[in-house]
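Right, one structure below, let's go through it.
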């Protein structure tokens with residue numbers, strides 16, 4: 001763990017102006033429950049939706065840049081994934097603390113904060129999910145379950161020579177934990193395993209991993225993102241199917257929904273828990289659209 005004291009400042013202007021001034025170079029935006037939208041590249045930027053002001057948290061010189069995941073714990077700390085683990089930023093003072101992953105250079109991807117303030121982050125290149133344990137301050141990791149599909153010895157040899165999968169070229173036996181979400185009203189973390197098109201459940205207490213295969217016909221759907229609603233339902237996007245899905249953790253059943261557009265390349269999914277039942281917002285990366293999905297409560301109409 002490394003600590004670097006730093007300060008914050010308020011930026012008056014538009015996000016475009018901030019980008020034009022070369023302050024931010026890797027957005028990966030995420031909204032929290034306290035009225036802020038977060039983005040990070042060279043520095044961490046928080047946008048207060050109510051006041052329409054930006055709060056800038058300058059990153060210490062020479063420290064690793066940010067990756068995709070960002071979030072806040074119940075104490076107000078801001079967390080962000082970075083190539084070798086996690087950054088924690090004190091919202092009031094701007095102080096940065098760096099936490100090194102057990103397996104470094106695993107290509108930290110998305111992250112989430114669970115109901116007990118533990119921070120989880122996907123390591124797509126090594127088929128592991130790292131975590132920071134809030135109670136002890138320790139770093140740990142869990143491995144995704146081995147792929148239980150037949151692979152030839154030749155395939156394994158090619159995979160071993162190719163090394164870790166970082167983007168689209170991965171050994172056939174890699175599962176690729178990518179984006180994830182914690183059930184903030186439960187004791188589970190849900191992980192999208194991109195290359196294997198599977199959903200993984202992690203028990204935050206026992207660290208047990210459970211794998212769920214998508215229904216037949218979706219082996220190459222490329223499960224990308226997960227979001228858990230207030231009723232514990234797990235919603236997920238698929239980059240290669242023009243569909244999205246729901247997983248019921250009680251019945252352990254999948255429901256797949258077809259989208260009206262083709263070529264969507266859906267990578268993200270967001271649950272709006274302010275509605276009853278919860279509704280969804282789904283951006284189409286490939287079709288330059290955004291879908292809002294609302295579910296009927298009276299099917300007789």
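Values quoted throughout were computed directly from the atomic coordinates according to the rules given, and no laboratory measurement underlies them. All figures in this text were calculated on a predicted structure; none of them were measured in a lab. All Cβ positions, glycine included, derive from the backbone under ideal geometry; neighbour counts span all protein chains shown.
Brief remarks follow.
- Selected from 263, 94, 71 as most flexible by GNM, with the chain as the system and alpha-carbon contacts under 10 Å: 263
- Alpha-carbon gyration tensor eigenvalues x 5, square-rooted, for the chain, Å: 30, 25, 19
- Neighbour-count order for 242, 117, fewest beta carbons within 10 angstrom listed first: 117, 242
- When the convex hull of its Cα atoms is projected in every direction, mean area for the range 45-109 (nm²): 4.9
- Estimated FRET transfer efficiency when R0 is 25 angstrom, pair residue 288-residue 157 (beta carbons, to 0.05): 0.05
- Counting other Cβ atoms within 10 Å as a rough exposure proxy, the listed residues 145, 151 run 151, 145 from fewest neighbours to most.
- Taking a ≥ b ≥ c as the square roots of the eigenvalues of the Cα gyration tensor, the range 46-182 is classed as prolate, since a/c reaches at least 1.5 and a/b is larger than b/c.
- Percentage, to the nearest whole number, of Cα pairs in the range 152-301 over 27 Å apart: 26
- The base-10 log of I(q)/I(0) for the range 142-226, evaluated at q = 0.12, 0.13, 0.21, 0.24 Å⁻¹, reads -0.38, -0.44, -1.02, -1.21 [Debye formula, identical scatterers on Cα atoms, solvent excluded].
- Among 76, 130, 176, the largest mean-square fluctuation in a Gaussian network model of the chain, built with springs joining Cα atoms closer than 10 Å, belongs to 76.
- Neighbour counting of Cβ atoms within 10 Å sorts the residues 127, 211, 148, fewest neighbours leading, into 148, 211, 127.
- Cα centroid separation - the range 227-246 against the range 206-223, whole Å: 12
- Along its first, second and third principal axes, ordered by size, the range 241-301 spans 31, 25, 23 Å in Cα coordinates.
- For the chain, built as a Gaussian network whose Cα springs stay under 10 Å, the top-fluctuating residue of 191, 113, 30: 30
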